[in-house]
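The values are calculated or read from the model by the stated rules, or taken from the named source; none is laboratory data. Since this is a predicted model, take the numbers as computed values, not measurements. Positions of Cβ are generated from backbone atoms using ideal geometry, with glycine treated the same way; all protein chains shown enter the neighbour counts.
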Amino acid sequence: MTSEATLSDLRSIPFTTADGGTATLGDYADRVVLVVNVASRCGLAPQYEQLEELQRAYGDRGFIVLGFPCNQFMGQEPGSMDEILEYCSTTWGVTFPIHEKVKVNGNAAAPVYKALKRAKDLEGKKGPIIWNFEKFLITPSGEVHRFRPNITPDDPAIISLIEANLAR
């Protein structure tokens, strides 16, 4: 679903990287980007494996996963950044970037998530993030596609969007 949130809106919004630096989605403007709020103690944490499989399968063709740890749902990401990064690499072999822990809902939500929540899901609904592992696929042309947590990263709808928007 193309949404009201366009890449041009999102490109300039800064976020903090795991090492304390600053980045924007504009740094990835020529790629297909999958933004995901992640959590180590979530029952959906096995999706880390599927996210890493996507990164390995499509990363050299212009795709990237960006993980944003979130402790906003039932305290499922309580660790420090060092603990989160260690968990991701040792448990799931994650090689994609994991950024600073964020809030995704409420007044203290990260600005990038405030913008992303304007995107509609497959049922045409927008608004709050409902749980960890909600996914936003952003194409190089600026379309934002939203997938709720129950839709796994290897879902055919996500795969087809990635493949359709990769550099040939």
>> Against the conditions (1) surrounded by fewer than 17 Cβ atoms within 10 Å (Cβ to Cβ); (2) among the charged types (D, E, K, R); (3) in a helix (DSSP H, G or I), where does GLU52 fall short? Just the number, please.
In response: (1)
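Among the candidates ASP30, ASP9, single out the residue that is closer than 22 Å to LYS120 by Cβ and modelled with pLDDT under 95. Quick ask: steps written out before the conclusion?
Values: ASP30 fails: closer than 22 Å to LYS120 by Cβ.
None of the other options fit; the residue is ASP9.
Can you find even one residue in the range 34-46 that is assigned to a helix (DSSP H, G or I) and of a type in the set (D, E, K, R)? Steps first, please.
Looking only at the range 34-46, we keep the residues that are assigned to a helix (DSSP H, G or I), and these are none.
Checked against the condition, which is being assigned to a helix (DSSP H, G or I) and of a type in the set (D, E, K, R), the range 34-46 yields no hits at all.
Those residues that are among the β-branched types (Val, Ile, Thr) and in contact with a Gly (Cβ under 9 Å, 6 or more places away or on another chain), I need them from the range 19-63; list them, please.
Step one: filter the range 19-63 for residues among the β-branched types (Val, Ile, Thr), giving 22, 24, 32-33, 35-36, 38.
Once the filter is applied, which keeps residues that are among the β-branched types (Val, Ile, Thr) and in contact with a Gly (Cβ under 9 Å, 6 or more places away or on another chain), the range 19-63 yields VAL32, VAL35, VAL36, VAL38.
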>> Of the conditions (1) closer than 15 Å to VAL36 by Cβ; (2) of a type outside the set (A, V, I, L, M); (3) modelled with pLDDT under 95; (4) loosely packed, with under 15 Cβ neighbours inside 10 Å, ASP121 satisfies every one except a single condition; which number is it?
In response: (4)
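Looking at LEU137, LEU116 in this structure, which one is surrounded by 22 or more Cβ atoms within 10 Å (Cβ to Cβ) and within 19 Å of ASN71 (Cβ to Cβ)?
On the way: LEU137 fails: within 19 Å of ASN71 (Cβ to Cβ).
Unique residue meeting the criteria: LEU116.
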>> Against the conditions (1) touching a helix residue (DSSP H, G or I) at 6+ places or on another chain (Cβ under 7 Å); (2) farther than 24 Å from GLU163 by Cα; (3) among the small types (Gly, Ala, Ser), where does GLY142 fall short? Just the number, please.
In response: (2)
>> Tally up the residues in the range 24-83 that are on the phi > 0 side of the Ramachandran plot and in contact with an Asp or Glu (Cβ under 7 Å, 6 or more places away or on another chain), please.
In response: 1
>> For GLY26, only one of the following conditions fails: (1) surrounded by 16 or more Cβ atoms within 10 Å (Cβ to Cβ); (2) in contact with a helix residue (DSSP H, G or I) (Cβ under 6 Å, 6 or more places away or on another chain). What is its number?
In response: (1)
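Here is a yes/no grid of residues against (1) in contact with a strand residue (DSSP E or B) (Cβ under 6 Å, 6 or more places away or on another chain); (2) under 12 Å from ILE138 (Cβ atoms):
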| position | (1), (2) |
| --- | --- |
| PRO14 | yes, no |
| GLY20 | no, no |
| GLY26 | no, yes |
| ARG31 | yes, yes |
| VAL36 | yes, yes |
| SER40 | no, no |
| TYR48 | no, no |
| ASP60 | no, no |
> Is there a residue in the range 65-76 that is farther than 16 Å from LEU116 by Cα, of a type outside the set (D, E, K, R), touching a strand residue (DSSP E or B) at 6+ places or on another chain (Cβ under 6 Å) and at pLDDT 95 or above?
Replying inline: no
> Looking at (1) without any contact (Cβ under 8 Å) to a residue 12 or more places away in the chain; (2) crowded, with 19+ Cβ neighbours inside 10 Å; (3) among the aliphatic types (A, V, I, L, M), which is the one condition that is false for VAL94?
Replying inline: (1)
